[in-house]
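*Asks:* Sharing a structure, written as structure tokens. Questions coming.
Every number in this text was worked out from the coordinates using simple rules, so none of it is lab data. Just so it is clear, the model here is predicted, and its values are computed rather than measured. We place every Cβ from the backbone using ideal geometry, glycine too, and count neighbours over all the protein chains shown.
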Amino acid sequence: MDAAALERHRIAEVGTATIASVYPRTVGRNSFRGSHGNGGRHEVIVLTTDRGHVGWGPPLGPVGDARRFVGRPVAELIDPGLGVAEEALPLDCALHDLAGVILDLPVHRMLGARGSTALPVYSGAIYLDDLDPAEAPAGISAVERNLALDAAAGYRDFKLKLGRGYRWMSRAEGLARDIEVTRLTRERYPDARILVDANDGYSIHDAAEYIAATADVGLYWMEETFAERLEDLLELRRLIDEHSPSTLIADGEYRPNVPVVTKFAAQGLIDVLLMDVLDYGLTAWRRIMPTVIEAGAAISPHAWGWPLKTLYAAQIGAGLGSASIVEGVPGTTTGIDASAYRFEDGILTLPERPGFGLPLTSDAIRR
């Protein structure tokens, strides 16, 4: 990488643009939260250099007065071999994109190109739609329909939301429905990797009953079964080793105490770390990877919310390696050109375009 090239570019303008996520259907509840809607609008940061190069990306937290970055050499804000300077972390995605554009280098190559650029992607959109509408719940046929829709869209693997008994049904009824949905998915899609996610809505007793009832399903992973507690994770590992030894434990998405979850990974209690693409960030992922590798864990950065985040998670996986599978958010993003990415038969193939390979289009509302 010609890192010196970044010295020749200064930030001339920090602007914003609005893009939008559009889901193919309304996404319903998880174990603790109501409907997730049809998508949404997102404000992103747009950086322009004095030589006319442009990079953009969602902010990581409050940006504050962006004028403080105007006139700064790009090289002061990002080291392409290490990541973004502490003061510029809110511009993490935008600076990685901009550095890639200046260096004519895809982000995954900037991150080290340690993984495949063709990655399996699962549908993360199989929510508790059997419970809606509240006045006349559709029942399990709604889940079956959504599985079929996502299979038709190219997905071959599916993550099922669990935890109906945490808030929406009685414990016994909710657990029975969770088991029924899991078994139905295996029946309809015998070759699929099935992942399940309780959003911390299970107790260890729920987990024990669920694992015993689905032992023959061959779950790929169990995610966020409950809040990270050593005693419960030890018991979860014991249960999985006894009933479904190939099943992975995935955790670290929701408000993670990263030192704690990486310690649990080193103890063999978490197999896949899930810190969020945007809440955690590319630079943080780059910094933590030696610890992840030493722990022998895999990664799959949490991507739910924006279809765009799936593409970022794939860039991280292709760049840093150790990614077993990527979370897919079915849908499209207006305001960007994602045509260089290919998704077919469950595999997302990354382009060799510079940066993230996602130029803004005329649909983006710029300010």
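*Asks:* Ignoring everything except DSSP H segments at least 4 long, calculate the 222 nm mean residue ellipticity for the chain; use -39,500 (n - 2.57) per segment, divide by total residues, nearest 500. Can you show the working numbers first?
*Replies:* Working: 11 runs with 116 residues, N = 367.
It lands at -9500 deg cm²/dmol.
*Asks:* Return the single residue from ALA152, ALA338, ALA250 with maximal mean-square fluctuation; model: Gaussian network over the chain, springs between Cα atoms under 10 Å.
*Replies:* Highest fluctuation among the options: ALA152.
*Asks:* Under 8 Å for C-alpha pairs, at least 6 residues apart: give me the relative contact order for segment 3-105, rounded to a whole percent. Don't jump to the answer; show the numbers that get you there.
*Replies:* Numbers: 195 pairs, mean separation 34.3, N = 103.
Answer for segment 3-105 is 33 percent.
*Asks:* Please find, in a Gaussian network model of the chain (springs between Cα atoms separated by less than 10 Å), the residue of ALA212, ALA295, ALA20 whose mean-square fluctuation is greatest.
*Replies:* In the Gaussian network model the winner is ALA212.
*Asks:* Net charge near GLY124, counting Lys/Arg +1 and Asp/Glu -1 over other residues with Cβ under 13 Å of its Cβ? Working shown, then result.
*Replies:* Numbers: positive: LYS159, LYS161, ARG193, LYS309; negative: ASP150, ASP157, ASP197, GLU223, GLU224, GLU253, ASP276, GLU327.
With Lys, Arg at +1 and Asp, Glu at -1, the net is -4.
*Asks:* Under the Kirkwood approximation applied to all pairs of distinct alpha-carbon atoms, what is the hydrodynamic radius of segment 207-330 in Å? All intermediate terms of the calculation are to be shown ahead of the outcome.
*Replies:* Working: mean 1/r = 0.0679 Å⁻¹.
Hydrodynamic radius (Kirkwood, Cα only) of segment 207-330 equals 14.7 Å.
*Asks:* Pick out, from ALA20, ALA75, HIS9, the residue whose Cα sits farthest towards the positive end of the charge dipole of segment 3-105, with +1 on the Cβ of Lys and Arg and -1 on the Cβ of Asp and Glu.
*Replies:* Of the candidates, ALA20 comes out farthest on the positive side.
*Asks:* What residue among HIS302, ALA207, LEU269 has its Cα farthest toward the positive end of the dipole of the chain, where the charges are +1 on Lys, Arg and -1 on Asp, Glu, each on the Cβ?
*Replies:* Of HIS302, ALA207, LEU269, it is HIS302.
*Asks:* Now, a different point. Summing Lys, Arg as +1 and Asp, Glu as -1, what charge do residues with Cβ under 12 Å from the Cβ of LEU175 carry, LEU175 excluded?
*Replies:* Result for the neighbourhood of LEU175: -2.
*Asks:* Take the Cα atoms of the chain, build their convex hull, and give its volume per residue in Å³.
*Replies:* 127 Å³
*Asks:* Using only the Cα atoms of segment 3-105, what are the Rg and Dmax in Å?
*Replies:* Just the Cα atoms of segment 3-105 yield Rg and Dmax of 16.4, 51 Å.
*Asks:* Nearest 20 debye, what's the magnitude of the dipole of segment 118-349 about its Cα centre given +1 on Lys and Arg Cβ and -1 on Asp and Glu Cβ?
*Replies:* 460 debye
*Asks:* A further question on this structure: From the phi of every residue in segment 4-17, what ³J(HN,Hα) in whole Hz does the Karplus formula 6.51 cos²θ - 1.76 cosθ + 1.60 yield, where θ is phi - 60° and glycine or proline is x?
*Replies:* Going residue by residue, I get 4, 4, 5, 5, 7, 10, 10, 5, 9, 8, 10, x, 9, 9 Hz, with x marking Gly and Pro.
*Asks:* What Kirkwood hydrodynamic radius, in Å, does segment 149-281 give when the mean of 1/r is taken over all pairs of distinct Cα atoms and then inverted?
*Replies:* Radius from the Kirkwood sum: 15.2 Å.
*Asks:* Using a Gaussian network model on the chain with a 10 Å cutoff between Cα atoms, which of ALA323, ALA138, ALA125 fluctuates the most?
*Replies:* ALA138
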